[in-house]
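Okay, structure first, notes after.
The values are calculated or read from the model by the stated rules, or taken from the named source; none is laboratory data. Computed from a prediction, not measured in an experiment: that's the story for all the values here. Neighbour counts run over all protein chains shown; Cβ positions are idealised from the backbone, glycine included.
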Amino acid sequence: MEVDNKTCYDTKDLCKLIRRGLKESGMDPAPYQITVVHARQNAYISGWGRYGHPRIHLRLPRQDLSVGELANVLEHEIAHNRGIRHRDMSRDCHSCHSKEVPAWAAGLVIRSRPIRSGLTTQERVERRETHARAMLARWERRMRLTRTMLSKWKRRVAYYAAKRKVED
């Protein structure tokens, strides 16, 4: 199973819930490709699952994530992967925005990723200055090399021009 998590939620927690949901539905998690992103409106959980293919795309709110709702949406999308269309789904699976936690998801928690401490303004300035100095040194070296090569080729042109005059 491949999970591409582009959210603020812990990838291991999401994988645990998704793997458990797939196994509960009788699906092999191995071939699945799952993409998890933040919802644009930050309103509710949604997603899509390809009919007959092991691919699911989930959209999660940035805050107030309900494990029950996520589990129900996951079940709904897995049903699509199994080839079931909305008209063929049971009412429970079709309206998947229930907050009730399915038995297989009971006790699972989706934590937020730890927030990395960013650089201070001073550290950022120091890093950028170091980078700028390194780039300056690099380009000065390139400039010296360019001058050397220019001089070399000017000498060769002059040599061959003089040699041609002698032969004429």
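Any idea how many residues of segment 107-126 are closer than 27 Å to Thr7 by Cβ, exposed (fewer than 10 other Cβ atoms within 10 Å of the Cβ) and among the polar types (S, T, N, Q)?
Qualifying residue count for the region: 2.
Restrict the check to segment 44-58 and report whether at least one residue is outside any helix (DSSP H, G or I), modelled with pLDDT of 90 or more and of a type in the set (A, V, I, L, M).
Yes, segment 44-58 has at least one match.
Just name the residue that is nearest to Pro31 (Cα to Cα) out of those in segment 83-95 that are out of contact with any His (no Cβ under 8 Å at 6 or more places or on another chain) and part of a helix (DSSP H, G or I). Please lay out each step first, then the result.
Filtering segment 83-95 for residues out of contact with any His (no Cβ under 8 Å at 6 or more places or on another chain) gives 83-85, 87-88, 90-92, 95.
If we keep only those that are part of a helix (DSSP H, G or I) as well, we get 87-88, 91-92.
Numbers: Arg87: 26, Asp88: 25, Arg91: 28, Asp92: 26 Å.
Across segment 83-95, the extreme among qualifying residues is Asp88.
Name, by its number, the condition in (1) surrounded by 11 or more Cβ atoms within 10 Å (Cβ to Cβ); (2) farther than 30 Å from Leu65 by Cα that does not hold for Thr148.
(1)
If I filter segment 3-14 down to residues being without any contact (Cβ under 8 Å) to a residue 40 or more places away in the chain and buried (at least 17 other Cβ atoms within 10 Å of the Cβ), which single residue comes out as farthest from Tyr32 (Cα to Cα)?
Of everything passing the filter in segment 3-14, Asn5 is farthest from Tyr32 (Cα to Cα).
Given the options Glu100, Glu140, Glu129, name the one that is more than 29 Å from the chain's Cα centre (by Cα) and not in a helix (DSSP H, G or I).
Numbers: Glu140 fails: not in a helix (DSSP H, G or I); Glu129 fails: not in a helix (DSSP H, G or I).
Criteria check complete, one pass: Glu100.
Kindly establish whether Asp13 is among the acidic types (Asp, Glu) and assigned to a loop (DSSP other than H, G, I, E, B). So that I can check it myself, show each step before the final result.
On the way: among the acidic types (Asp, Glu): yes; assigned to a loop (DSSP other than H, G, I, E, B): no.
The answer is no for Asp13.
Among the residues of segment 63-82, are any more than 14 Å from Leu22 (Cα to Cα), part of a loop (DSSP other than H, G, I, E, B) and modelled with pLDDT of 90 or more? Write out each step before concluding.
The initial filter retains those residues of segment 63-82 that are more than 14 Å from Leu22 (Cα to Cα), namely 63-69.
After this cut, where a residue has to be part of a loop (DSSP other than H, G, I, E, B) as well, the list is 63-66.
With the extra rule that they be modelled with pLDDT of 90 or more, the set shrinks to none.
Among the residues of segment 63-82, not one is more than 14 Å from Leu22 (Cα to Cα), part of a loop (DSSP other than H, G, I, E, B) and modelled with pLDDT of 90 or more, which makes the answer no.
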